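These notes are about the structure you will find just below.
The values are calculated or read from the model by the stated rules, or taken from the named source; none is laboratory data. As the structure is a prediction and not an experimental result, all values here were calculated from the model. No Cβ is skipped: glycine too gets one built from the backbone with ideal geometry, and neighbour counts run over all protein chains shown. Side chains are part of the model used for accessible areas, which takes the heavy atoms of the whole protein and leaves out ligands, DNA and RNA. Shrake-Rupley method; radii C 1.70, N 1.55, O 1.52, S 1.80 Å.
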Amino acid sequence: MRGKVTIVGAGFVGATAAQRIAESNLAHVVMVDIPQKEGPTKGKALDMLESAPLMGFDSHIIGTSDYKDTSDSDVVVITAGMPRKPGMTREDLIATNTSIIKSVIEPVVKNSPKAILIVVTNPLDAMVYAAYKLSGFPRERVIGQSGALDSTRFRSFIALELGVSMQDVQALVIGGHTDVGMVPLASHASVAGIPLAQLLSTQQIEKLIERTRKGGTEIVELLGEGSAYYAPSAGVTQMVEAILLDQKRIIPSAVYLQGEYSVKDLFLCVPVILGASGMEKVIELKLPLNEQEMFKKSAELVRQTVGQVRL
Ligand code: APR
(Lines give C-alpha, C1' and ligand atoms only; values in the text may rest on other atoms or scores of the structure.)
Protein backbone atom coordinates (compact mmCIF):
# COMPACT_ATOMS: atom_id res chain seq x y z
CA MET A 1 0.00 0.00 0.00
CA ARG A 2 1.39 3.33 -1.02
CA GLY A 3 -0.08 5.86 1.35
CA LYS A 4 -2.98 7.33 3.22
CA VAL A 5 -5.74 9.44 1.74
CA THR A 6 -8.31 11.34 3.77
CA ILE A 7 -11.60 12.32 2.21
CA VAL A 8 -13.34 15.17 4.02
CA GLY A 9 -17.09 14.91 3.42
CA ALA A 10 -18.47 11.41 2.98
CA GLY A 11 -21.32 12.40 0.69
CA PHE A 12 -21.83 11.41 -2.92
CA VAL A 13 -18.52 12.72 -4.29
CA GLY A 14 -16.51 11.80 -1.20
CA ALA A 15 -17.81 8.28 -0.78
CA THR A 16 -17.53 7.49 -4.48
CA ALA A 17 -13.96 8.83 -4.52
CA ALA A 18 -13.16 6.69 -1.45
CA GLN A 19 -14.51 3.64 -3.23
CA ARG A 20 -12.57 4.31 -6.43
CA ILE A 21 -9.30 4.96 -4.56
CA ALA A 22 -9.70 1.87 -2.37
CA GLU A 23 -10.60 -0.36 -5.32
CA SER A 24 -7.53 0.89 -7.18
CA ASN A 25 -5.37 -0.36 -4.26
CA LEU A 26 -3.80 3.09 -4.20
CA ALA A 27 -3.96 3.89 -0.51
CA HIS A 28 -5.65 3.38 2.82
CA VAL A 29 -8.66 5.66 3.00
CA VAL A 30 -10.18 7.66 5.85
CA MET A 31 -13.57 9.32 5.34
CA VAL A 32 -14.32 12.09 7.81
CA ASP A 33 -17.63 13.90 8.18
CA ILE A 34 -19.48 15.90 10.84
CA PRO A 35 -20.28 14.20 14.21
CA GLN A 36 -24.00 14.09 13.32
CA LYS A 37 -23.10 11.86 10.35
CA GLU A 38 -20.68 9.59 12.19
CA GLY A 39 -22.95 6.54 11.95
CA PRO A 40 -23.57 6.77 8.19
CA THR A 41 -19.88 7.58 7.59
CA LYS A 42 -18.73 4.52 9.51
CA GLY A 43 -21.43 2.46 7.81
CA LYS A 44 -20.35 3.46 4.30
CA ALA A 45 -16.71 2.72 5.13
CA LEU A 46 -17.50 -0.70 6.59
CA ASP A 47 -19.75 -1.57 3.64
CA MET A 48 -16.92 -0.69 1.23
CA LEU A 49 -14.40 -2.65 3.27
CA GLU A 50 -16.61 -5.73 3.18
CA SER A 51 -16.46 -5.64 -0.62
CA ALA A 52 -12.65 -6.01 -0.56
CA PRO A 53 -12.46 -9.82 -0.78
CA LEU A 54 -14.77 -9.74 -3.82
CA MET A 55 -13.21 -6.74 -5.51
CA GLY A 56 -9.65 -7.82 -4.71
CA PHE A 57 -8.21 -4.89 -2.84
CA ASP A 58 -6.27 -4.56 0.39
CA SER A 59 -6.85 -0.90 1.17
CA HIS A 60 -8.30 -0.29 4.61
CA ILE A 61 -11.22 2.14 4.82
CA ILE A 62 -12.54 3.78 7.93
CA GLY A 63 -15.26 6.32 8.60
CA THR A 64 -14.92 8.82 11.45
CA SER A 65 -15.73 12.28 12.74
CA ASP A 66 -12.43 12.49 14.65
CA TYR A 67 -9.66 14.21 12.73
CA LYS A 68 -7.04 12.36 14.80
CA ASP A 69 -7.83 9.37 12.59
CA THR A 70 -6.74 11.41 9.57
CA SER A 71 -3.24 12.12 10.92
CA ASP A 72 -0.28 11.99 8.55
CA SER A 73 -2.34 11.66 5.40
CA ASP A 74 -0.38 12.04 2.17
CA VAL A 75 -3.34 13.50 0.33
CA VAL A 76 -6.49 15.12 1.72
CA VAL A 77 -9.44 15.47 -0.64
CA ILE A 78 -11.96 18.10 0.43
CA THR A 79 -15.50 17.47 -0.74
CA ALA A 80 -17.29 18.85 2.32
CA GLY A 81 -19.98 21.30 1.33
CA MET A 82 -23.40 21.72 -0.15
CA PRO A 83 -24.03 20.56 -3.69
CA ARG A 84 -26.15 22.59 -6.14
CA LYS A 85 -29.89 22.31 -6.52
CA PRO A 86 -31.61 22.75 -9.90
CA GLY A 87 -31.63 26.43 -10.86
CA MET A 88 -28.57 27.21 -8.71
CA THR A 89 -25.16 28.15 -10.05
CA ARG A 90 -21.99 26.98 -8.34
CA GLU A 91 -21.49 30.60 -7.22
CA ASP A 92 -24.72 30.48 -5.18
CA LEU A 93 -22.87 28.22 -2.73
CA ILE A 94 -20.13 30.72 -1.78
CA ALA A 95 -21.16 31.76 1.74
CA THR A 96 -22.23 28.33 2.99
CA ASN A 97 -19.29 26.47 1.56
CA THR A 98 -16.72 29.06 2.64
CA SER A 99 -17.75 28.55 6.25
CA ILE A 100 -17.51 24.77 5.79
CA ILE A 101 -14.02 25.08 4.28
CA LYS A 102 -13.04 27.29 7.21
CA SER A 103 -14.14 24.68 9.71
CA VAL A 104 -12.34 21.77 8.03
CA ILE A 105 -8.99 23.29 7.03
CA GLU A 106 -7.70 23.85 10.55
CA PRO A 107 -8.04 20.24 11.78
CA VAL A 108 -6.82 18.93 8.41
CA VAL A 109 -3.65 21.02 8.55
CA LYS A 110 -3.05 20.29 12.24
CA ASN A 111 -3.19 16.55 11.70
CA SER A 112 -1.54 16.32 8.27
CA PRO A 113 0.86 19.25 7.96
CA LYS A 114 2.67 17.71 5.00
CA ALA A 115 -0.40 16.66 3.00
CA ILE A 116 -1.29 17.67 -0.52
CA LEU A 117 -4.80 19.13 -0.59
CA ILE A 118 -7.18 18.46 -3.45
CA VAL A 119 -10.27 20.65 -3.24
CA VAL A 120 -13.51 19.62 -4.93
CA THR A 121 -16.06 21.80 -3.11
CA ASN A 122 -17.80 24.40 -5.29
CA PRO A 123 -17.55 27.14 -6.36
CA LEU A 124 -14.25 25.44 -7.01
CA ASP A 125 -11.90 28.27 -7.90
CA ALA A 126 -13.03 30.29 -4.87
CA MET A 127 -13.02 27.37 -2.42
CA VAL A 128 -9.53 26.22 -3.42
CA TYR A 129 -8.40 29.84 -2.95
CA ALA A 130 -9.94 29.80 0.55
CA ALA A 131 -8.22 26.50 1.35
CA TYR A 132 -4.88 27.88 0.13
CA LYS A 133 -5.12 31.05 2.23
CA LEU A 134 -6.37 29.26 5.34
CA SER A 135 -3.91 26.38 5.19
CA GLY A 136 -0.76 28.44 4.70
CA PHE A 137 0.51 25.59 2.50
CA PRO A 138 2.72 26.38 -0.51
CA ARG A 139 0.90 26.56 -3.83
CA GLU A 140 2.35 23.22 -4.93
CA ARG A 141 0.28 21.49 -2.25
CA VAL A 142 -3.14 23.06 -2.80
CA ILE A 143 -4.84 21.98 -6.02
CA GLY A 144 -8.40 22.22 -7.27
CA GLN A 145 -10.13 19.40 -9.10
CA SER A 146 -11.87 20.93 -12.08
CA GLY A 147 -10.02 20.30 -15.33
CA ALA A 148 -9.86 16.54 -14.91
CA LEU A 149 -13.66 16.55 -14.75
CA ASP A 150 -14.35 19.18 -17.40
CA SER A 151 -11.88 17.52 -19.77
CA THR A 152 -13.36 14.04 -19.34
CA ARG A 153 -16.76 15.52 -20.16
CA PHE A 154 -15.40 17.19 -23.30
CA ARG A 155 -13.61 13.97 -24.29
CA SER A 156 -16.69 11.83 -23.83
CA PHE A 157 -18.89 14.21 -25.84
CA ILE A 158 -16.34 14.19 -28.69
CA ALA A 159 -16.22 10.38 -28.64
CA LEU A 160 -20.03 10.13 -28.65
CA GLU A 161 -20.31 12.56 -31.56
CA LEU A 162 -17.76 10.67 -33.65
CA GLY A 163 -18.76 7.18 -32.55
CA VAL A 164 -15.16 6.35 -31.63
CA SER A 165 -13.46 4.95 -28.55
CA MET A 166 -13.41 7.26 -25.54
CA GLN A 167 -9.80 6.22 -25.03
CA ASP A 168 -8.68 7.69 -28.33
CA VAL A 169 -9.90 11.21 -27.57
CA GLN A 170 -7.51 13.70 -26.02
CA ALA A 171 -8.78 17.14 -25.02
CA LEU A 172 -8.20 19.84 -22.45
CA VAL A 173 -10.51 22.23 -20.66
CA ILE A 174 -8.94 25.17 -18.85
CA GLY A 175 -10.23 28.34 -17.15
CA GLY A 176 -12.78 28.72 -14.38
CA HIS A 177 -15.03 25.85 -13.28
CA THR A 178 -18.21 27.68 -14.27
CA ASP A 179 -20.69 27.40 -17.12
CA VAL A 180 -19.60 30.71 -18.65
CA GLY A 181 -15.94 30.68 -17.64
CA MET A 182 -14.89 27.24 -18.82
CA VAL A 183 -12.56 27.18 -21.82
CA PRO A 184 -12.68 23.87 -23.72
CA LEU A 185 -9.69 24.01 -26.04
CA ALA A 186 -10.77 22.99 -29.53
CA SER A 187 -7.28 23.97 -30.68
CA HIS A 188 -5.70 21.22 -28.59
CA ALA A 189 -8.26 18.41 -29.04
CA SER A 190 -7.36 15.36 -31.08
CA VAL A 191 -8.53 11.83 -31.78
CA ALA A 192 -5.75 9.24 -32.10
CA GLY A 193 -3.47 12.10 -33.08
CA ILE A 194 -5.88 13.56 -35.65
CA PRO A 195 -6.72 17.22 -34.96
CA LEU A 196 -10.41 17.62 -34.08
CA ALA A 197 -10.92 20.23 -36.79
CA GLN A 198 -10.23 17.55 -39.44
CA LEU A 199 -13.01 15.35 -38.10
CA LEU A 200 -15.81 17.74 -37.15
CA SER A 201 -17.22 20.98 -38.53
CA THR A 202 -16.85 24.26 -36.63
CA GLN A 203 -20.57 24.09 -35.85
CA GLN A 204 -20.33 20.59 -34.40
CA ILE A 205 -17.31 21.58 -32.31
CA GLU A 206 -19.15 24.66 -30.98
CA LYS A 207 -22.06 22.44 -29.94
CA LEU A 208 -19.72 20.14 -28.00
CA ILE A 209 -17.99 23.10 -26.34
CA GLU A 210 -21.35 24.44 -25.20
CA ARG A 211 -22.44 21.05 -23.86
CA THR A 212 -19.13 20.73 -21.98
CA ARG A 213 -19.55 24.15 -20.37
CA LYS A 214 -23.01 23.19 -19.20
CA GLY A 215 -22.05 19.59 -18.38
CA GLY A 216 -22.50 19.98 -14.63
CA THR A 217 -25.81 21.77 -15.03
CA GLU A 218 -27.09 19.05 -17.38
CA ILE A 219 -26.48 16.47 -14.63
CA VAL A 220 -27.95 18.67 -11.86
CA GLU A 221 -31.15 19.05 -13.88
CA LEU A 222 -31.40 15.34 -14.65
CA LEU A 223 -30.73 14.27 -11.06
CA GLY A 224 -33.26 16.72 -9.65
CA GLU A 225 -31.40 16.57 -6.34
CA GLY A 226 -27.66 16.94 -5.75
CA SER A 227 -24.92 17.24 -8.34
CA ALA A 228 -22.59 14.97 -10.31
CA TYR A 229 -20.35 12.51 -8.51
CA TYR A 230 -19.26 9.63 -10.74
CA ALA A 231 -17.14 11.73 -13.10
CA PRO A 232 -15.98 14.16 -10.36
CA SER A 233 -14.77 11.23 -8.22
CA ALA A 234 -13.01 9.75 -11.25
CA GLY A 235 -11.22 13.08 -11.67
CA VAL A 236 -10.15 13.00 -8.03
CA THR A 237 -8.88 9.43 -8.39
CA GLN A 238 -6.78 10.29 -11.44
CA MET A 239 -5.17 13.18 -9.51
CA VAL A 240 -4.57 11.10 -6.37
CA GLU A 241 -2.98 8.35 -8.45
CA ALA A 242 -0.69 10.82 -10.25
CA ILE A 243 0.49 12.17 -6.89
CA LEU A 244 0.87 8.92 -4.94
CA LEU A 245 2.59 7.10 -7.80
CA ASP A 246 4.64 10.18 -8.76
CA GLN A 247 3.43 9.71 -12.33
CA LYS A 248 4.19 13.24 -13.58
CA ARG A 249 0.90 13.19 -15.45
CA ILE A 250 -0.30 16.31 -17.22
CA ILE A 251 -3.75 16.97 -15.78
CA PRO A 252 -5.55 20.30 -16.11
CA SER A 253 -6.11 21.47 -12.54
CA ALA A 254 -6.90 24.69 -10.69
CA VAL A 255 -3.62 26.09 -9.34
CA TYR A 256 -2.53 29.42 -7.88
CA LEU A 257 -1.18 31.32 -10.85
CA GLN A 258 1.78 33.59 -10.25
CA GLY A 259 2.10 35.32 -13.59
CA GLU A 260 1.62 32.28 -15.81
CA TYR A 261 -0.95 32.97 -18.55
CA SER A 262 -0.59 36.65 -17.49
CA VAL A 263 -2.67 35.92 -14.38
CA LYS A 264 -1.49 36.61 -10.85
CA ASP A 265 -2.82 35.64 -7.40
CA LEU A 266 -5.76 33.64 -8.68
CA PHE A 267 -6.66 29.96 -8.89
CA LEU A 268 -7.54 28.96 -12.42
CA CYS A 269 -7.42 25.66 -14.25
CA VAL A 270 -4.40 25.16 -16.54
CA PRO A 271 -2.45 22.08 -17.57
CA VAL A 272 0.01 21.10 -14.84
CA ILE A 273 2.34 18.22 -14.08
CA LEU A 274 1.17 16.30 -11.03
CA GLY A 275 3.64 14.16 -9.12
CA ALA A 276 4.85 13.34 -5.61
CA SER A 277 5.35 17.02 -4.74
CA GLY A 278 1.87 17.95 -5.90
CA MET A 279 1.73 20.57 -8.64
CA GLU A 280 5.23 20.31 -10.05
CA LYS A 281 5.00 22.53 -13.12
CA VAL A 282 2.56 24.79 -14.92
CA ILE A 283 2.52 24.17 -18.65
CA GLU A 284 1.96 27.31 -20.67
CA LEU A 285 0.19 26.67 -23.94
CA LYS A 286 0.25 28.76 -27.07
CA LEU A 287 -3.41 29.51 -27.64
CA PRO A 288 -5.16 31.05 -30.64
CA LEU A 289 -6.55 34.56 -30.07
CA ASN A 290 -10.17 33.51 -29.46
CA GLU A 291 -9.15 31.05 -26.73
CA GLN A 292 -6.80 33.62 -25.17
CA GLU A 293 -9.73 36.03 -25.01
CA MET A 294 -12.00 33.40 -23.43
CA PHE A 295 -9.34 32.63 -20.82
CA LYS A 296 -8.93 36.31 -20.01
CA LYS A 297 -12.67 36.72 -19.56
CA SER A 298 -12.75 33.61 -17.41
CA ALA A 299 -10.05 35.05 -15.13
CA GLU A 300 -12.09 38.23 -14.68
CA LEU A 301 -15.18 36.22 -13.74
CA VAL A 302 -13.28 34.08 -11.24
CA ARG A 303 -11.70 37.20 -9.70
CA GLN A 304 -15.20 38.58 -9.11
CA THR A 305 -16.30 35.36 -7.40
CA VAL A 306 -13.16 35.18 -5.25
CA GLY A 307 -13.82 38.81 -4.25
CA GLN A 308 -16.99 37.58 -2.53
CA VAL A 309 -15.14 35.12 -0.30
CA ARG A 310 -14.96 36.34 3.30
CA LEU A 311 -12.27 34.50 5.23
N1 APR B 1 -17.00 18.74 7.87
C2 APR B 1 -17.04 17.55 7.24
N3 APR B 1 -18.00 17.20 6.37
C4 APR B 1 -18.96 18.10 6.13
C5 APR B 1 -18.98 19.38 6.74
C6 APR B 1 -17.94 19.68 7.65
N7 APR B 1 -17.89 20.86 8.27
N8 APR B 1 -20.07 20.06 6.28
C9 APR B 1 -20.70 19.24 5.43
N10 APR B 1 -20.04 18.06 5.33
C11 APR B 1 -20.38 16.87 4.57
C12 APR B 1 -21.88 16.59 4.61
O13 APR B 1 -22.29 16.05 5.87
C14 APR B 1 -22.01 15.60 3.46
O15 APR B 1 -21.83 14.25 3.88
O16 APR B 1 -20.10 17.02 3.20
C17 APR B 1 -20.86 16.01 2.52
C18 APR B 1 -21.33 16.57 1.19
O19 APR B 1 -21.93 15.54 0.50
P20 APR B 1 -23.19 15.73 -0.49
O21 APR B 1 -24.20 16.59 0.16
O22 APR B 1 -23.55 14.37 -0.96
O23 APR B 1 -22.55 16.59 -1.68
P24 APR B 1 -21.67 16.04 -2.90
O25 APR B 1 -22.52 15.75 -4.05
O26 APR B 1 -20.71 15.01 -2.41
O27 APR B 1 -20.87 17.38 -3.28
C28 APR B 1 -19.89 17.90 -2.38
O29 APR B 1 -18.49 18.69 -4.15
O30 APR B 1 -18.82 18.74 -6.45
C31 APR B 1 -18.88 19.48 -5.27
O32 APR B 1 -20.64 21.09 -5.68
C33 APR B 1 -20.30 19.95 -4.97
O34 APR B 1 -19.69 21.48 -3.21
C35 APR B 1 -20.22 20.20 -3.48
C36 APR B 1 -19.22 19.11 -3.01
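Against the chain, whose longest principal axis is taken from its Cα atoms, helix 38-49 shows a tilt of about 80°.
Within the accessible area of segment 167-225, what % is carbon and sulfur when the probe is 1.4 Å and the other protein chains stay in place? Mind dumping the intermediate values first?
Working: 1530 of 2970 Å².
Carbon and sulfur: 51 percent of the exposed surface of segment 167-225.
Each Lys and Arg Cβ is given +1 and each Asp and Glu Cβ -1; about its Cα centre, the chain then shows a dipole of about 480 debye.
Solvent-accessible area per residue in the chain equals 44 Å², computed with a 1.4 angstrom probe and all protein chains kept.
Under the convention that each Lys and Arg Cβ holds +1 and each Asp and Glu Cβ holds -1, the size of the dipole of segment 147-306 around its Cα centre is about 220 debye. Rounded to two decimals, the Cα-based Rg/Rh of segment 3-144, with Kirkwood Rh, is 0.97. In Å, what Kirkwood hydrodynamic radius results for segment 147-306 from the alpha-carbon pair distances? When all Cα pairs of segment 147-306 are included, the Kirkwood radius is 16.1 Å.
Just to check, using Stokes-Einstein with a Kirkwood Rh over alpha carbon pairs, what's the diffusion coefficient of the chain at 4 °C and 1.567 mPa s in µm²/s?
In µm²/s, the coefficient rounds to 67.
Picking from SER262, PRO252, PRO35, whose Cα lies most toward the positive end of the charge dipole for the chain (charges on Cβ: Lys, Arg +1; Asp, Glu -1)? After comparing all options, I get SER262. In the chain, excluding the sites themselves, the longest stretch lacking any of the GluC sites (Glu not before Pro) that are in a DSSP loop with at most 12 other Cβ atoms within 10 Å is 51-224.
When DSSP assigns beta bridges and you keep just the ones with both residues in the chain, what percent turn out antiparallel, to the nearest 5?
On the way: 23 of 43 bridges.
Bridges in the chain are about 55 percent antiparallel.
The angle between the Cα long axis of helix 124-135 and the main principal axis of the chain comes to about 40°, on a 0 to 90 degree scale.
If you average the sequence gap of Cα pairs under 8 Å that are 6 or more apart and divide by the length of segment 120-190, what percent do you get for the contact order? Spell out each step's value before the answer.
Details: 77 pairs, mean separation 18.2, N = 71.
Relative contact order of segment 120-190: 26 percent.
D by Stokes-Einstein for segment 143-203, Kirkwood Rh over Cα pairs, 20 °C, 1.002 mPa s: 181 µm²/s. Taking Cα atoms only, the orientation of helix 12-23 departs from the longest principal axis of the chain by about 80 degrees.
Can you tell me, using C-alpha contacts under 8 Å and at least 6 residues apart, the relative contact order of segment 147-306 as a whole percent?
Working: 264 pairs, mean separation 39.9, N = 160.
So the answer I get is 25 percent.
Below 8 Å, C-alpha to C-alpha, sequence gap of six or more: please give me the relative contact order for the chain in percent. In percent, rounded to a whole number, it is 18.
Quick one: which of LYS85/LYS297; LYS133/LYS207; LYS110/LYS248; LYS85/LYS207; LYS114/LYS286 span more than 31 angstrom between C-alpha atoms? Don't skip to the answer; put the middle values down first.
Numbers: LYS85/LYS297 26 Å; LYS133/LYS207 37 Å; LYS110/LYS248 28 Å; LYS85/LYS207 25 Å; LYS114/LYS286 34 Å.
Listed pairs above 31 Å: LYS133/LYS207; LYS114/LYS286.
If a/c stays under 1.5 just call it rounded; otherwise compare a/b with b/c (prolate if a/b is bigger, oblate if not). Do that for segment 83-154, with a ≥ b ≥ c from the square roots of the Cα gyration tensor eigenvalues. Write out the running numbers ahead of the final one.
Details: a/c = 2.61, a/b = 1.40, b/c = 1.87.
Oblate, since a/c reaches 1.5 and b/c is not below a/b.
About its Cα centre, the dipole of segment 3-144 is roughly 360 debye, where the only charges are +1 on Lys and Arg Cβ and -1 on Asp and Glu Cβ.
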